[in-house]
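Trainee: Have a look at the structure that comes next, please.
Each value in this text was obtained by applying a stated rule to the coordinates, not by laboratory testing. Just so it is clear, the structure is predicted and the values come from calculations on it, not from any experiment. Cβ placement follows ideal geometry from the backbone for every residue including glycine, while neighbour counts extend to all protein chains displayed.
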Amino acid sequence: MGGPSRRGNAVLVAATYLTVLAVLVLPVLLVMVEALRTGIMAAWRSLLDPDALSAIRLTLVVTLVATLVNTAGGIMAAWLVTKYRFRGRGALVALIELPISVSPVIAGLVWLLLFGRQGWWGDWLDRHNIQIAFATPGILLATLFVTFPYVARTLMPFMEQQGREAEEAAFLLGAGFWRTLWRVTLPDARWALLSGILLTTARGIGEFGAVSVVSGHIPGLTETMPLHIETLYNGYQTVAAFTMAALLALIAMATVLLRSFLEHDFRKASS
Amino acid sequence: MVFWLRRRDGLPGLSISIAFTLVWIGLIVALPLTALVLRPWQDGGAVMLRALHDTRMYAALRVSFGCAALAALIDVPLGLLLAWALVRARLPGRRAIDALIDLPFALPTAVTGITLATLYGPTGWIGALLARAGIRVAYTPAGIVAALMFVGLPFIVRAVEPVLRGLPPELEEAGLLLGASPLQNFRRVILPPLLPPLVAGFSLAFARCIGEYGSVIFIAGNQPFHSEIAPLLIVVRLQEYDYGGATAIALILLLSALVCMTGVAALRRRVSRGLVARGAA
């Protein structure tokens, strides 16, 4: 293999470093610098603020539930779509992937149309004193919508490639559906599954637009980490805002690195 | 049909996975989207009519679509450069760069938003440099484009990369050996097979950018008719307790995005068909 000439390669590498530095590295660097502007202790203290802690707690709870639901749903949907052939299969896949191309603001709005005060079931909920919009359940629903496709989407190409011989053999040997799924299909697809779960978690923790629409923006009560960043930033508490942002940026970088290792592994495993 | 499948297909789990999947999709995606489609007509179409006469909405749609198209367009050469370097160059630190490219996809939009607003702000690292040259980015439509460029970049790289990996480097060398100038070689040999993935990447980035909210609102300035994006106008209408108006804009935004995507998909098919035809001739 020849590859580009030495000079051509040097120019290409320089241009790449410059682009990566200006577009990708500089923003991350800025987050860290702004967070540590008044020292690491000040940054640490800003994270221990009760509103910040409550935002972290709410984010973790909502993301955990959303990830569990969408992982279970994603596994079942991927099984259905890849192990059987039926009419309407393409439409089903399109419907699963639809939330990706819906604006986050719309992903929040749709829940207000159902559960908000002017929504279809708003009156009924009001009379029975059930709070969904502008409360934790609404935030959870918005997060569920936004993180919906990722596990299914990462699993589907892998399970398609898997075929179904192993499953058929397991079934002939007397294993039922759950046992086959749990012992045969998922262990084989574990890297793809893990990669999808990571992506779901990252999107869940970081979701802003959808959650912003259905949250009441009450600090300490209905604010997730990204919403709390907005409140802090608009209140000129720059260090606190960027400290929370740095925490999220670190989570994002860890996700991206882990996924890159996983992909490397299953590319090697499949070749 | 389900029963027919079950008898022929030895594999168990069909009915349970159908039930599970339908409930999951039904409750989380189909139900709320049904509400979105039906709601604007609920009060007799007047709301929709009013929305269709709203010049502020058209201005916001123009800002959203225009900035998204421009950002995705600028991302095309940048994405091609990065994909090319990842696949073809002897690139020290390739693994790290490969991972970094997905960062805009994983970084929470609010973090992107406040970071870019600071970076391009009048006293920011890049903003101060540009200010000396008399260019203002933050709080103008240029700021929106800058934010969307960041968000859209990974889509181009990840669309081009696998196709490029499948092309033999000998092809490019043969072009040069046969006496093509580097520019000719790029236009006649390198670009044609990469055109379909570039269009695909462009359309994915474009689609994502049309609906983008969090990374834009901090840097945009958000002036009606000038730097107000369509998703923000939806939020504004909601804050005015105008659910009908908000839903009408949401529906129009979603439909125009779908129309755009269908158009781009048709273009993509034409590009690949043109290639096949030329390859056969």
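Trainee: Quote the FRET efficiency, to the nearest 0.05, computed for B:L171 versus B:R136 with a Förster distance R0 of 45 Å and r equal to the Cβ-Cβ distance.
Mentor: 0.50
Trainee: Which whole number gives the average, over all residues in A:169-177, of C-beta atoms from other chains lying within 10 Å of the residue C-beta?
Mentor: Details: counts 0, 2, 4, 1, 0, 0, 1, 2, 7.
Averaged over the peptide's residues, the number is 2.
Trainee: Continuing with the same structure: Would you please name the GluC sites (Glu not before Pro) within the stretch B:199-272 that are DSSP coil residues with at most 13 other C-beta atoms within 10 Å of their C-beta? Present the calculation step by step, with values, prior to reporting the outcome.
Mentor: Values: sites: B:E212, B:E228, B:E240; in loops: B:E212, B:E228, B:E240.
When the GluC sites (Glu not before Pro) of the stretch B:199-272 are filtered for loop state and at most 13 Cβ neighbours within 10 Å, B:E240 remain.
Trainee: For the stretch A:4-134, rounded, prolate or oblate, judged on the Cα gyration tensor with a ≥ b ≥ c (square roots of eigenvalues), a/c < 1.5 rounded, else prolate if a/b > b/c?
Mentor: Details: a/c = 2.65, a/b = 1.26, b/c = 2.10.
Oblate shape, in that a/c is at least 1.5 and b/c is the bigger or equal ratio.
Trainee: Need one number: the % of Cα-Cα pairs in the stretch A:39-270 sitting beyond the 20 Å mark.
Mentor: For the stretch A:39-270, the fraction of Cα-Cα distances above 20 Å is 66 percent.
Trainee: Report the label-to-label distance for B:L31 and A:E97 in nanometres (one decimal), using points 7 Å from each Cα along the Cα→Cβ vector.
Mentor: In this crude label model, B:L31 to A:E97 measures out at 2.6 nm.
Trainee: What is the Cα coordinate range of the stretch B:127-197 on the first, second and third principal axes, sorted by size from largest, in whole angstrom?
Mentor: Sorted from largest, the Cα extents of the stretch B:127-197 read 50, 25, 15 Å.
Trainee: Applying a 10 Å radius around every beta-carbon, put B:169-182, A:23-36 in order of their mean neighbour count, most first.
Mentor: Values: B:169-182: 13.1, A:23-36: 18.9.
So the peptides B:169-182, A:23-36, ranked by packing, come out A:23-36, B:169-182.
Trainee: Within 10 Å of each Cβ of A:235-246, how many other protein chain Cβ atoms are there on average?
Mentor: Values: counts 0, 0, 0, 2, 0, 0, 4, 4, 0, 4, 8, 2.
Averaged over the peptide's residues, the number is 2.
Trainee: Taking the mean number of other Cβ atoms within 10 Å as a proxy for protection, how do you rank A:113-121, B:197-205, A:209-217 from highest to lowest? Mind showing how you got there, number by number?
Mentor: On the way: A:113-121: 19.0, B:197-205: 22.7, A:209-217: 24.7.
Ranked from most to least packed, the peptides come out as A:209-217, B:197-205, A:113-121.
Trainee: Something else: Go ahead and run the numbers for FRET between A:Y236 and B:W41, Cβ-Cβ distance against an R0 of 45 Å, rounding to 0.05. Please report the intermediate quantities before stating the final value.
Mentor: Values: r = 44 Å, r/R0 = 0.97.
The formula returns an efficiency of 0.55 here.
Trainee: I'd like to compare A:42-55, A:61-74, A:130-143: which one has the highest average count of other Cβ atoms within 10 Å, and what's the full order after that? The partial results should precede the final answer.
Mentor: Numbers: A:42-55: 16.1, A:61-74: 20.2, A:130-143: 21.9.
Most protected by this proxy first, the peptides run A:130-143, A:61-74, A:42-55.
Trainee: Would you mind giving the mean number of other chain beta-carbons within 10 Å of the Cβ of each residue in B:114-120, as a whole number?
Mentor: 6
Trainee: Please work out the FRET efficiency for the pair A:M32 and B:H226, using the Cβ-Cβ distance as r and a Förster radius of 45 Å; give the result to the nearest 0.05. Before the final figure, lay out the partial values.
Mentor: Values: r = 33 Å, r/R0 = 0.74.
Rounded to the nearest 0.05, the efficiency is 0.85.
Trainee: A follow-up question, please. Enter the Cα centre distance for the pair the stretch B:58-129 and the stretch A:104-141, rounded to the nearest angstrom.
Mentor: 35
Trainee: With θ set to phi - 60° and the Karplus curve 6.51 cos²θ - 1.76 cosθ + 1.60, what are the ³J(HN,Hα) couplings of the stretch A:210-223 in order, to the nearest whole Hz, using x for Gly and Pro?
Mentor: So the Karplus estimates, Gly and Pro as x, are 5, 5, 4, 5, 9, 8, x, 6, 9, x, x, 10, 10, 9 Hz.
Trainee: May I have the pair-distance distribution P(r) for the protein assembly as shown, computed from all Cα-Cα distances with 20 Å bins from 0 and rounded to whole percent?
Mentor: 20, 53, 26, 2, 0
Trainee: Here is a follow-up. Using the alpha-carbon centroid of each, what span in Å lies between the stretch A:44-61 and the stretch A:195-248?
Mentor: 10
Trainee: I've got another one for you. What is the Cα coordinate range of the stretch B:45-280 on the first, second and third principal axes, sorted by size from largest, in whole angstrom?
Mentor: Largest to smallest, the principal-axis extents are 66, 45, 31 Å.
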